[in-house]
Amino acid sequence: MSRKNIKDFDSIYLEYKDYIYRTCILYLKDHHLAEDCTQDVFIKVYRKQKSYKGISSLKTWITRICINCCRDMLRKRKAVDNLDESLPEDESDYSEKLIVSEAVMSLPLQFREVVILYYYREFTMKEIAEITHTKIPNIEYRIRRAKELLKERLGDDFCE
């Protein structure tokens with residue numbers, strides 16, 4: 001999507017607000033921080049929308065902004081709290097999802113980041129490489145290593 005075809009800000013906000021908020025929750029594990037970060041993301045999107053060149057998809061561009069905001073918040077606040085709010089309350093397998101989510105969140109940031117983008121947000125490795133400014137072989141390694149770490153933490157019953 002080129003700069004000429006970029007949607008107006010209201011449309012962008014309505015389309016991506018929930019997605020960005022949930023992504024922030026996955027990164028930050030804190031409802032209030034995720035709200036603040038979501039707001040920061042859309043302020044940046046608004047201010048920088050004219051700089052969007054359309055080289056990547058709009059979703060990839062906004063996700064990149066989101067990840068940078070989350071990283072900034074994590075740098076500012078090292079102690080991260082609660083993941084409970086990111087999980088649906090009506091799920092029957094809530095405790096299993098909580099265990100897996102906690103294991104993912106306990107991964108070092110570089111591994112957690114690729115797991116979130118690849119498995120939770122379903123980006124391709126190429127898109128993840130663009131978002132994280134990392135080469136595809138490094139993304140492949142991080143996913144492989146993250147799976148090994150999760151298998152160690154969750155045991156042999158871990159399903160991909």
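Observations
- For 19, 46, 27, the ranking by accessible surface with the largest value first comes to 46, 19, 27, using a 1.4 Å probe.
- Of 53/76; 50/126; 97/135; 29/53; 44/126; 44/147, those spanning more than 27 Å from alpha-carbon to alpha-carbon: 53/76; 97/135; 29/53; 44/147
- Rounded to the nearest 10 square angstrom, residue 10 shows an accessible area of 100 square angstrom against a 1.4 Å probe.
- Ranked from largest to smallest solvent-accessible area, with a 1.4 Å probe on the protein heavy atoms, 132, 124 come out as 124, 132.
The values are calculated or read from the model by the stated rules, or taken from the named source; none is laboratory data. Quick caveat: nothing in here was measured; it's all calculated off a predicted structure. With ligands, DNA and RNA removed, areas are computed over all heavy atoms of the protein, side chains included. Shrake-Rupley method; radii C 1.70, N 1.55, O 1.52, S 1.80 Å.
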